[in-house]
Every structure is written in structure tokens, then in C-alpha cells.
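Everything on this sheet refers to the single structure shown next.
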Amino acid sequence: MGARSTSRPDWPGALARLSVRRRLLLALALAALVAAIGLVQPLGLLAPVDRLAMKIVAHLRWWPGAEYATGVARLLDRVGEGGARIAIACLVALFLAYAGRPGAVLWLLVATAGMALINPLVKLLFLAPRPDMLDPLIAVSSSSFPSGHAAGTMALYGALALLSRSLTLWLICVAMIAATGASRVWLGVHWPSDVIGGWAEGAAWLLVLSLWLPRSESTHKR
């Protein structure tokens with residue numbers, strides 16, 4: 001039994017071993033990264049990398065089977081919207097409530113809904129235009145930086161990973177975060193730096209919330 005438990009990710013335990021000061025410093029560093037990306041983007045300092053990524057995507061869109069990637073990207077766009085993320089969080093919250101984890105229910109909902117409120121405010125600070133290199137495959141209206149889908153999925157699936165010690169669920173969460181971020185570039189609606197900024201924003205939010213992260217019974221047992 002001991003060998004099995006050591007193979008499972010124990011993110012709550014790992015975070016608990018970090019002091020409050022270190023967690024807040026990490027969150028501040030990630031927030032500073034978001035600000036730095038947002039400030040240097042208009043100066044064109046990130047343009048070589050961003051535009052190279054877009055050129056690669058433009059080339060890949062002509063490959064056989066690219067329409068399947070587009071279909072998956074469109075699906076991830078819908079699943080990654082704010083309302084869909086909150087719906088997923090509410091569905092998981094029902095299972096957590098049934099499992100007798102009311103603290104986890106509240107924490108998950110705050111993590112998900114909080115980011116849905118924070119990201120639009122951060123976007124207002126930068127008002128970054130959308131990419132202009134590719135024809136967008138979906139309609140978008142808000143500003144570009146930081147990516148709301150990237151930030152929102154980091155908050156939602158990052159929170160799910162922190163509330164669980166299942167390696168399978170952890171891998172699914174990582175895959176959803178990565179795939180959603182990549183899909184924003186594939187659809188032509190975000191620069192890669194928008195996605196990285198969104199991931200950093202979501203991770204900073206989770207680090208702050210980790211100060212109140214509820215720990216399951218299995219985490220306390222030795």
C-alpha cells in the first residue's frame with residue numbers, strides 16, 4: 001500500500017510544505033510575468049517567437065487531417081468558455097459534496113468563478129489587439145492578452161488536480177490545460193505569449209488560493 005501511495009501526486013502536501021511567504025512570492029512572480037509580457041508585447045519584443053509560431057500553424061493547417069485538429073480546437077473553445085467552466089466546476093462540486101467535502105466544493109467554485117471575473121479586468125489593463133497573421137477560425141470580440149481560456153482552464157483543472165491525488169485525473173488536467181492553450185493559437189485568436197500569460201495568471205490565482213486549500217482525509221493519513 002505504501003508503494004502505491006508514493007506513486008500518486010500529492011500537490012496539496014507539496015504546497016503545504018511551502019511557507020505562506022514562499023507561496024505569495026511565487027504568486028507575485030507569476031503576476032509580474034503577466035505584467036512583463038503585457039508591457040513588452042506592444043514593443044514587439046516577443047514578435048519573433050509569436051510570429052514564428054503562427055507561421056508554423058499556418059503551414060500545419062494545410063496538412064492532411066488538419067480539419068480534425070480544427071474540430072478539436074473548436075470543441076475546446078466551447079468547453080473552455082467561462083460558462084462551460086463554471087458548469088463543469090458545479091458538476092464536480094456535486095460529487096465532492098456527495099463525498100462529504102464541503103470545503104473542497106467552496107474552494108473549487110471560488111477558484112473557477114474568481115478567475116472568470118479576474119481575467120476580463122486584467123485584459124482591460126492591456127487592451128491588446130488580436131493576432132493579425134491568420135484568419136481566425138472562430139469569432140472573438142474581447143482583447144487578446146492574457147488568454148481567458150488559458151487562464152480559466154489553468155484555474156479549473158489546476159484546482160481539480162490540487163483536490164485529487166489520482167494520477168489519471170492529474171494527467172487529464174495537464175492535458176486539458178495544454179491542449180486548450182495550444183488550440184487558441186491554432187484557431188488564430190491568440191499569440192503564444194497570450195497563452196503563456198493566461199497560464200501564469202491562472203497559476204498565480206491558484207497559489208494565492210492555496211493558502212485556504214482544504215486537504216482530504218487521505219492527505220492527513222500516514
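Observations, loosely collected:
- Residue in segment 63-70 that is in contact (Cβ under 8 Å) with a residue 12 or more places away in the chain, touching a Phe, Trp or Tyr at 6+ places or on another chain (Cβ under 8 Å) and either over 19 Å from Ile196 (Cα atoms) or not charged (D, E, K, R) (or both) present: yes
- Looking only at residues in segment 121-156 that are among the hydroxyl-bearing types (Ser, Thr, Tyr) and over 28 Å from Ile172 (Cβ atoms), the one that is modelled with the highest pLDDT is Ser143.
- Being assigned to a loop (DSSP other than H, G, I, E, B) and more than 10 Å from the chain's Cα centre (by Cα) is not true of Val208.
Every residue, every condition in (1) over 19 Å from Leu33 (Cα atoms); (2) surrounded by 24 or more Cβ atoms within 10 Å (Cβ to Cβ), yes or no:
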position	(1), (2)
Pro146	no, yes
His149	no, yes
Ala155	no, yes
Arg165	yes, no
Ala182	yes, no
Trp191	no, yes
Ile196	no, no
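The values are calculated or read from the model by the stated rules, or taken from the named source; none is laboratory data. Predicted model, so just to flag it, every value in this text is computed and none were measured. Positions of Cβ are backbone-derived with ideal geometry, glycine not excepted, and every protein chain shown enters the neighbour counts.
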